[in-house]
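These notes are about the structure you will find just below.
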Amino acid sequence: MRNTKTPAVLISEVGPRDGLQSVDAVMATADKFKWITALHAAGLREIEVGSFVPAKLLPQMAGTADVVRHALTLPGLTVMALVPNLRGAQAALAAGVHKLTIPVSASAAHSLANVRKTREEMVAEVRNIVALRNEIAPSVKIEANMSTAFGCTIQGEVKEDDVVWLATQVIAAGADESGLSDTTGMANPAQVRRLFNKVRAAIGDKTGAAHMHNTRGLGLANCLAAYDVGVRTFDASLGGLGGCPYAPGASGNVVTEDLVFMFEAMGVPTGIDIGKLIAARAPLIAGLPGEPVYGMTPEAGLPKGFVPARSTEAADV
Ligand code: ZN
């Protein structure tokens, strides 16, 4: 039995990046500040606040350097940004991020569509970014997550051996961790358990986050499967905002509110106040008028007498 108020899992909020980049509307930078402040107030301690990509490609991500600077004022927050290449990493490190996340496609076809590079070229890019980090900002962490780890809308099946090979490659290139992303919403729980186990056998405690989508309704089941095999960091998006522009039909990140409810109800502390988390939907909705947001827990409300895990003993699960 653990008796603790220390979070047992880390919920990494990706809405301000993954969510915002996949809707057409552009949230004003001032509205991003308000939203990120509300997410932090709810107890989130890692937020992917944006990506460093050319504004002409993704106008939703213009102003990310300003968003980083705002997020750096929030105490205890790990400020993360996505970078697809060395140029993005230079801008992110100049802005002062704590952590870089580099998407590396396990699918050869998705890699070319998403970042216009082969997988081998992306491994080389990871190596270049690591060298830059080592030179100018050695305390910054680098994660290189496998997108399309569970299947690809372009090429279909992605071989598990390919995922394990690529995870091994990016860790050898110097990334601190490598997680698995179900970019296309094709994963099932048995596959999640099997693939995380295989990757852990290859890269050990450098195995990173589970990034699951709810495209076919299995997002939470897949997170629980990952938890069962030792994963303790989970990406999620407030209101389920997000998807991938190069994985058509793959909208729907796991809803942060529902994921936090699941863990808290199980007795697994997240460090997040669900009431304040649901309140953080207001600045999201205000900043993106008319954009649909999702989530069962915010609609149903908390069950009568619900006691969050952090005020109780964590259950043996
Ligand atoms: Zn996603």
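Placing +1 on the Cβ of every Lys and Arg and -1 on the Cβ of every Asp and Glu, with no other charges, gives the chain a dipole of roughly 360 debye about its Cα centre. Extending 7 Å from the Cα toward the beta-carbon at both Glu120 and Arg232 defines two label points whose distance is 3.8 nm.
Taking Cα centre as origin and charging only the Cβ of basic (Lys, Arg, +1) and acidic (Asp, Glu, -1) residues, the dipole magnitude of region 19-136 rounds to 80 debye. Considering only beta bridges that DSSP places wholly inside the chain, some 10 percent are antiparallel. Full extension of the segment from Gln90 to Trp165, taken as 0.36 nm per residue of separation minus the current Cα-Cα distance, would add 24.3 nm. Based on the Kirkwood approach, the hydrodynamic radius assigned to the chain is 19.3 Å, with every pair of different Cα atoms included. Only the Cβ atoms of Lys and Arg (+1) and of Asp and Glu (-1) were treated as charged; on that basis the dipole of region 122-253 about its Cα centre amounts to roughly 180 debye. Counting beta carbons within 10 Å around each of Lys32, Lys56, Lys159 and listing the fewest first gives the order Lys56, Lys159, Lys32.
Rg over Rh for region 164-273 works out to 0.97, both radii taken from alpha-carbon positions and Rh defined as the Kirkwood radius.
For Lys117, the lysines whose Cα falls under 25 Å of its own Cα, not counting residues fewer than eight places away in the same chain, are Lys56, Lys99, Lys141, Lys159, Lys206. When the P(r) is computed for region 61-145, the part past 16 Å accounts for 51% of the Cα-Cα pairs.
Computed over region 10-300, relative contact order equals 20 percent, with contacts defined as Cα pairs under 8 Å that lie 6+ residues apart.
Taken together, the values in this text are just the output of simple stated rules run on the coordinates, not laboratory data. Every value quoted in this text rests on a predicted model; they were computed, and no experiment measured them. For neighbour counting, all protein chains shown are included, and Cβ atoms are generated from backbone atoms with ideal geometry for every residue, glycine included.
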